[in-house]
Amino acid sequence: MEIMISRAKPDQLRQKPTDESKLGFGDILTDHMFLMDYEKGKGWFDPRIVPYGNLSIDPAAMAIHYGQEIFEGLKAYSGKDGGLYLFRPRENFKRFNRSAARVCMPELDIDQALDGMKQLILLDRAWVPTGEGTSLYIRPTMLATEPHLGVRPASSYLFYVIVGPVGAYYKEGLNPVKIYVEDKYVRAAVGGTGEVKTAGNYAASLLAAEEAKQKGFTQVLWLDAAERRFIEEVGTMNMFFVIWDEVITAPLTGSILPGITRDSVIQIVRKWGMKMSERSLSIDEVTAAARQGTLKEAFGTGTAAVISPVGQITYKGVDYIVAGGKMGDLSMKLYNEIVAIQYGEKDDPYGWRMRI
Ligand SMILES: Cc1ncc(COP(=O)(O)O)c(C=O)c1O
């Protein structure tokens, strides 16, 4: 299906950031957006790129009342060679379609969605920052637009993609973050929606994150809903621990998001010949290892921060310092490896990079 493009008029152009070193995360969006509509019986139609602007939505749209909304997060990277790259974008759209299926929304044709997204990025190419650690964040989104009060899957949907230049996700950058182990609230239970990217999961996480922030922590580490014992994930990142010579991350049992950075780290660690385990890991095992000095490193993985080293874990009022509060060797090596692949600075034996 051909994409209709209507370019922004001069008075619709948005203010570009002037200082890339001050880019934060998530506040600046570009001149255009990609949209596409869906109706039951008709399928997806009217793919178009239009000037960025407000959506017009019926106040009874079902996304607003019943949370039928899903999204993705990925990035485009500007290489030193002048190339523009995506990192495993098909994986994001496959996950998007799994999210859609879980909350009874229509799936996308991945090639069509990728094409719309690429054309949008090329049109707003001048917005892709080139400074160290910067990128263009991409937010594919789908919401239920049918106006109806009453709980059931909607019959009409809107898919859109918005993009914006970003710098570091955490103000700490690559400096280790402090994590609060949450033993009161839970994020998701097995059988729920924790393994997909639907809005409600994030609403459910807010209160715990706010309370942790007030206590001086960057994020909360979630434990499993049934026993509050096993490590799940952190905020918007999957968690990895290095205990002695074993690299450990939680298995995908249904309540954590299968991160694309998580999968990439697992593959790299295995390729490097290290012991990589996807297994249940209790918070007691982590704190015992910290006490015995065998907890070498802890880090989060996610598109936004790539690798975010954890310098302190606090559980039931006790602070455990990890890797002397510094970024560990493996965290650093993994960060450098992934970033070099993303920005086109080294070969990509995994076939993860896609040139736009
Ligand atoms: C809850 C949650 N966990 C983990 C991740 C990391 O996933 P990815 O590596 O695909 O960005 C994200 C970010 O998308 C997330 O929202």
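The values are calculated or read from the model by the stated rules, or taken from the named source; none is laboratory data. What you are looking at is a predicted structure, and each value in this text was computed from that prediction instead of being measured. Glycine also receives a Cβ, built like all others from the backbone with ideal geometry; neighbour counts cover every protein chain displayed. Protein only, heavy atoms only, side chains kept; ligands, DNA and RNA dropped before computing areas. Shrake-Rupley method; radii C 1.70, N 1.55, O 1.52, S 1.80 Å.
What relative contact order, as a whole-number percentage, does the chain give when Cα pairs under 8 Å and 6 or more residues apart are counted?
Dividing the mean separation by the residue count of the chain yields 18 percent.
Treating only the Cβ atoms of Lys and Arg (+1) and Asp and Glu (-1) as charged, compute the dipole magnitude of the chain about its Cα centre; round to the nearest 20 debye.
In debye, rounded to 20, the chain gives about 240.
Less than 15 Å from a label point 7 Å out along the Cα-to-Cβ axis of residue 6: which backbone N atoms in the range 36-61 qualify, by residue?
Once the point is set 7 Å along Cα→Cβ of residue 6, 36-37, 46-56 turn out to lie under 15 Å by backbone N, inside the range 36-61.
Taking the chain as a Gaussian network, Cα atoms linked when under 10 Å apart, which of 130, 18, 236 shows the biggest mean-square fluctuation?
Judging by the Gaussian network model, the answer is 18.
Kindly report the accessible area of the range 232-312 per residue (heavy atoms of protein chains, probe 1.4 Å, no ligands, DNA or RNA), in Å².
For the range 232-312, the solvent-accessible area averages 32 Å² per residue.
I need the phi-derived Karplus couplings for the range 275-290: 6.51 cos²θ - 1.76 cosθ + 1.60, θ = phi - 60°, integer Hz, Gly and Pro marked x.
After applying 6.51 cos²θ - 1.76 cosθ + 1.60, I find 7, 10, 10, 9, 8, 5, 9, 8, 5, 5, 5, 5, 5, 5, 5, 4 Hz.
Can you tell which of 124, 31, 58 shows the greatest fluctuation in a Gaussian network model of the chain with Cα springs below 10 Å?
Per the Cα network of the chain with a 10 Å cutoff, 58 tops the list.
Hey, rough spin-label estimate for residue 278 and residue 40, points 7 angstrom out along Cα→Cβ, what's it come to in nanometres?
It works out to 3.5 nm between the two label points.
If you take the charge dipole of the range 1-79 about its Cα centre, with +1 on Lys and Arg Cβ and -1 on Asp and Glu Cβ, which of 62, 45, 32 is farthest toward its positive end?
32
Please identify every one of the GluC sites (Glu not before Pro) in the range 207-252 that sits in a loop by DSSP and has no more than 10 other beta carbons within 10 Å of its own beta carbon. Show your work: numbers first, answer last.
On the way: sites: 210, 211, 227, 232, 233, 246; in loops: 227.
The qualifying sites are 227.
By accessible area of protein heavy atoms, probe 1.4 Å, what ranking do 56, 6, 282 get, highest first?
56, 6, 282
Please give me, ordered by residue number, the trypsin sites (Lys or Arg not before Pro) of the range 88-193 that lie in loop per DSSP and have at most 11 other Cβ atoms within 10 Å.
171, 184
Apply the Karplus curve 6.51 cos²θ - 1.76 cosθ + 1.60, θ = phi - 60°, to the phi angles in the range 227-233 and return the couplings in whole Hz, x for Gly and Pro.
Karplus values, whole Hz, x for Gly and Pro: 10, 6, 10, 9, 5, 10, 8.
Within the range 58-115, what whole-number % of the accessible surface is contributed by carbon and sulfur, with the 1.4 Å probe and all protein chains included in the calculation?
Looking at the range 58-115 in its full context, I get 51 percent from C and S.
Hey, can you grab everything whose amide H is under 5 Å from the amide H of residue 33? Only 5+ residues off in sequence or another chain; H modelled, so Pro and N-termini drop out.
Counting only residues 5 or more places away or on other chains, the set is 50, 52.
Hey, got the dipole for the range 40-179? About the Cα centre, +1 on K and R Cβ, -1 on D and E Cβ, debye to the nearest 20?
Computed about the Cα centre, the dipole is about 300 debye.
At 222 nm, what helix-only mean residue ellipticity would the chain give, in deg cm²/dmol to the nearest 500, using -39500 (n - 2.57) for each DSSP H run of four or more?
Rounded to the nearest 500, the figure is -7500 deg cm²/dmol.
Each residue of the range 115-123 in turn: what ³J(HN,Hα) in whole Hz from Karplus with 6.51, -1.76, 1.60 and θ = phi - 60°, glycine and Pro shown as x?
5, x, 5, 5, 5, 5, 5, 5, 5
I want the local charge near residue 38. Using Cβ-Cβ distances under 12 Å, sum +1 for each Lys or Arg and -1 for each Asp or Glu among the other residues. Could you put the intermediate results ahead of the total?
Details: positive: 40, 42; negative: 37, 39, 46, 107, 109, 146.
Local net charge: -4.
Which residue, 149, 206, 158, has the most motion in a Gaussian network model of the chain that connects Cα atoms within less than 10 Å?
149
Name the shape class, rounded, prolate or oblate, that the alpha-carbon gyration tensor gives for the range 122-164, where a ≥ b ≥ c are the square roots of its eigenvalues, rounded holds for a/c under 1.5, and otherwise prolate holds if a/b is larger than b/c and oblate otherwise.
It is prolate, given that a/c is not under 1.5 and a/b is the larger ratio.
If you take the square roots of the eigenvalues of the alpha-carbon gyration tensor of the range 218-311 and sort them as a ≥ b ≥ c, do you get rounded (a/c under 1.5), prolate (a/b over b/c) or oblate?
rounded
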